[in-house]
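The values are calculated or read from the model by the stated rules, or taken from the named source; none is laboratory data. Everything quoted here is computed from the prediction, not taken from an experiment. A quick note on method: Cβ atoms are made from the backbone with ideal geometry, for glycine too, and the neighbour counts reach across all protein chains shown. We work out accessible area using only protein heavy atoms, side chains counted, and drop any ligands, DNA or RNA first. Shrake-Rupley method; radii C 1.70, N 1.55, O 1.52, S 1.80 Å.
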Amino acid sequence: MHKKLTRFDLFIAPRTWWGLVLLFVIFAASYAFPALFNLGKIAMVILFFVAIIDLLLLVSPKILLSATRKTSEKWSLSDTNKVHIHIRNATPLFWKLKIIDELPEELQVRNFLLYTTLDSMRDSDVEYQVKPLKRGLYTYGKIRIFVYTPFGLFSRRISTGGEQKVAVYPSVLQMKRYSLLTMTKIARFYGVKKMRRIGHSYEFEQIKDYVRGDDMRHINWKATGRATNIKTNHFTEERAQPVYCIIDKSRSMNLAFDGLTLLDYAINASLVISNTVLQKGDRSGLITFSDKVGTAIRADNSPGMLNKLLDSLYFQKYRTTEADYEFLFNAIGRVVNNRSLLFLFANFESMYALHRVMPVLRKINKNHLLVVVFFENEEVEKYAYETSKSLSEIYNRSVARQMVSDKRQMAFELNNHGIQCVVTKPQDLTIHTLNKYLELKSKGII
């Protein structure tokens with residue numbers, strides 16, 4: 001079915017205006033060169049008849065064009081997601097098309113245009129990519145198609161399709177990519193470190209030949225005496241160990257780098273870590289907090305655990321309040337029953353901020369293995385070492401260098417109190433946190 005053509009559906013194309021300008025120039029020049037007058041009249045007649053034919057083709061009720069939008073129901077945050085527009089031409093005419101897809105306002109794209117051509121009685125697919133930087137429910141509008149004939153003097157707008165909703169979840173694509181990398185030999189090219197297990201576990205697996213790096217205490221002397229080379233006992237990796245991702249949702253996590261907030265960087269990293277933990281046979285849990293606990297999921301490795309964590313991370317919202325670490329300590333005592341590995345994603349911008357919560361972090365670390373993950377401010381670090389051209393810039397860069405130095409001092413103080421830490425740029429958060437988990441797992445200290 002086609003709606004009735006309205007006056008707003010037809011538009012004059014730029015080519016028409018340029019044709020009229022050309023006619024004006026020809027007629028104006030004919031005052032000096034009379035021979036151009038007849039040429040101008042011929043051009044005007046041709047332009048008039050072409051315009052009539054163009055209009056008749058465009059206002060024909062037999063323009064049977066339809067378009068449908070195809071995309072995934074769930075997009076991955078901060079990743080490129082593909083969108084396909086399938087266009088069908090049920091007419092025997094050739095068309096030139098300009099397509100405006102009414103993108104969700106969250107994408108903040110103001111100049112979106114697609115161009116394509118469509119042969120008679122043919123279908124065509126147009127593809128484009130979007131990169132969402134906020135979690136939530138996005139709403140598409142209609143697909144606006146501006147139809148041109150080969151003459152291109154006028155265009156007709158056809159509106160098709162309807163509202164379509166797409167949910168933007170934490171980066172599932174990133175989770176799958178790192179899941180593959182941790183299991184393949186090409187992982188080292190992406191920064192994922194393979195580490196030999198050097199810790200202790202007491203579940204016997206098998207006897208193998210001694211290789212350099214094996215624990216000398218595990219040499220099996222009886223088996224060695226019956227063989228021509230040294231034999232060692234190997235033990236299976238301990239499993240079902242609880243690992244929690246703890247995310248600070250306070251105002252300090254609302255800083256944005258490359259359009260993505262620190263909270264969303266932490267959420268993406270938490271999803272990757274949780275998936276890796278479950279693949280390793282451990283139990284994964286989640287705690288989010290600010291001035292109060294938002295989400296508390298006990299560590300588990302049941303089949304639906306990853307989807308439960310994914311849905312929970314999708315609904316997380318940052319808060320404008322300060323983080324209450326005393327409240328977090330009490331919440332950990334209620335939720336986490338056994339000694340666990342805790343990844344705390346937070347953002348400390350000054351030594352004062354760290355000193356204020358250090359007593360709580362030390363109490364948490366007594367009962368659990370705590371890893372504090374906080375961020376380098378890449379923009380401040382870049383600004384700190386640029387050339388100064390005025391006295392005010394010298395002062396500002398001195399303050400910036402002090403902030404950079406404070407980050408290193410924070411890491412030193414945490415390590416000095418026996419607390420593991422990861423200091424990373426937001427873009428490298430996932431890979432560095434994943435490497436830390438694999439390192440602790442290989443050392444057998446969790």
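Before moving on, here are some points about what is shown:
- The number of residues in the stretch 181-227 that are within 30 Å of ALA269 (Cα to Cα) and either at pLDDT 75 or above or among the small types (Gly, Ala, Ser) (or both) comes to 4.
- Residue that is farthest from LYS436 (Cα to Cα) [pool: residues in the stretch 372-420 that are of a type in the set (A, V, I, L, M) and open to solvent by 50 Å² or more (accessible area, probe 1.4 Å)]: LEU391
- Hey, LYS249 of a type in the set (D, E, K, R) and open to solvent by 30 Å² or more (accessible area, probe 1.4 Å) or not: no
- Residue list for the stretch 52-65, filter: modelled with pLDDT of 85 or more, within 20 Å of ILE158 (Cβ to Cβ) and surrounded by fewer than 18 Cβ atoms within 10 Å (Cβ to Cβ): ILE53, LEU55, LEU56
- Enumeration of residues in the stretch 323-370 that are under 14 Å from ILE287 (Cα atoms), part of a loop (DSSP other than H, G, I, E, B) and open to solvent by 50 Å² or more (accessible area, probe 1.4 Å): ASP324, ASN337
- Restricting the search to strands (runs of 3 or more DSSP E) fully inside the stretch 9-95 and requiring at least 2 residues that are out of contact with any helix residue (DSSP H, G or I) (no Cβ under 8 Å at 6 or more places or on another chain) and closer than 30 Å to PRO132 by Cβ gives 65-71, 81-89.
- Test: residue in the stretch 300-319 that is open to solvent by 40 Å² or more (accessible area, probe 1.4 Å), under 21 Å from LEU263 (Cα atoms), among the small types (Gly, Ala, Ser) and in contact (Cβ under 8 Å) with a residue 24 or more places away in the chain: no
- For the stretch 125-163, taking the residues that are among the β-branched types (Val, Ile, Thr) and over 30 Å from VAL59 (Cα atoms), the one that is least open to solvent (accessible area, probe 1.4 Å) is identified as VAL130.
- THR80 meets all of the listed conditions (1) open to solvent by 50 Å² or more (accessible area, probe 1.4 Å); (2) more than 16 Å from GLU127 (Cβ to Cβ) but one, namely (2).
- Residue that is least open to solvent (accessible area, probe 1.4 Å), among those in the stretch 257-276 that are over 23 Å from PHE329 (Cβ atoms) and over 13 Å from the mean Cα position of the chain (by Cα): THR276
- Note on the stretch 351-389: among residues that are β-branched (Val, Ile, Thr) and modelled with pLDDT under 90, the one that is nearest to VAL243 (Cα to Cα) is VAL380.
- Checking the stated criteria, TYR169 turns out not to satisfy the condition of being open to solvent by 30 Å² or more (accessible area, probe 1.4 Å), in contact (Cβ under 8 Å) with a residue 24 or more places away in the chain and under 27 Å from GLN279 (Cβ atoms).
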